[in-house]
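The values are calculated or read from the model by the stated rules, or taken from the named source; none is laboratory data. Computed from a predicted model, the values in this text were never measured in an experiment. Here the Cβ is made from the backbone with ideal geometry for all residues, glycine too, and neighbour counts use every protein chain on show. The area values use the complete protein model at the heavy-atom level, side chains included, leaving out ligands, DNA and RNA. Shrake-Rupley method; radii C 1.70, N 1.55, O 1.52, S 1.80 Å.
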Amino acid sequence: MRMGAAPLAGVGVALPGQWDRKRGTSISYPRLPDWKDVPVRALLEKWSGCPVSLIGYAPALAVAERARRGGSDVPNLLCVEVEDTVAMGVIANGEVLDGASGNAGELGHITVDPKGPACYCGNRGCLESFSTCSTVATEFGQNRPRPGSGPMTYARVVELARAGDPLAVRLC
């Protein structure tokens, strides 16, 4: 810590995957198969010497967006993220909706096609398997290969969609 800086008052962590709010433990995170029963709260409290608050990844999106918009005077808000995940955070009547497990808003793992591709969560046909930025770039690259030009990116697919490329328009 630099001289004259205020001491750390607390640590807040947005957890993806399954976690136990009472124990402060990350139960599992499917993108890291060896990540099992990690006592996140205890480890961070020991490291930082201060209290640690945990929140699910999707509800944290709404908390961050509310803070960006002026804080508690924003009673209702819905925030959706589509990147390498699909998540939705909600604040309704001033309360963060976090659900029984702390993971309310994990839209990416709603089944949209039971016969669809396997998802890293263990399910099949999850929304995330069809709609993330990396999925769009991969599908475009597989359907319109460009030898020697390197991997396709989502930003490039968006550029092509704006230029009128029919496949890019359909995927975006």
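Going by amide H atoms built from the backbone, whose H comes under 5 Å of the H on SER53, apart from near neighbours?
VAL11, GLY12, VAL13
Carbon and sulfur atoms: what percent of the 1.4 Å accessible area of the range 1-132 do they account for?
58 percent
So with the 1.4 Å probe, I'd like the accessible area per residue for the chain, rounded to whole Å².
62 Å²
If one computes the Cα centroid of the range 111-138 and of the range 1-46, what distance in Å separates the two points?
The two parts, judged by their Cα centres, are 28 Å apart.
Exposed loop trypsin sites (Lys or Arg not before Pro) only (DSSP loop, at most 14 other Cβ atoms within 10 Å): please give the longest stretch of the chain free of them, not including the sites.
No qualifying site falls inside 116-172, the longest such stretch.
Please give the calculated 222 nm ellipticity per residue for the chain, where each DSSP H segment of at least 4 residues contributes -39500 (n - 2.57) and the sum is spread over every residue; nearest 500 deg cm²/dmol?
Mean residue ellipticity, 222 nm, calculated: -8500 deg cm²/dmol.
Of [x] 52, 19, 16; [y] 34, 20, 18; [z] 28, 21, 15, which is the value of semi-axes √(5λ) of the Cα gyration tensor in Å derived from the coordinates here?
Correct label, based on the coordinates given: [y].
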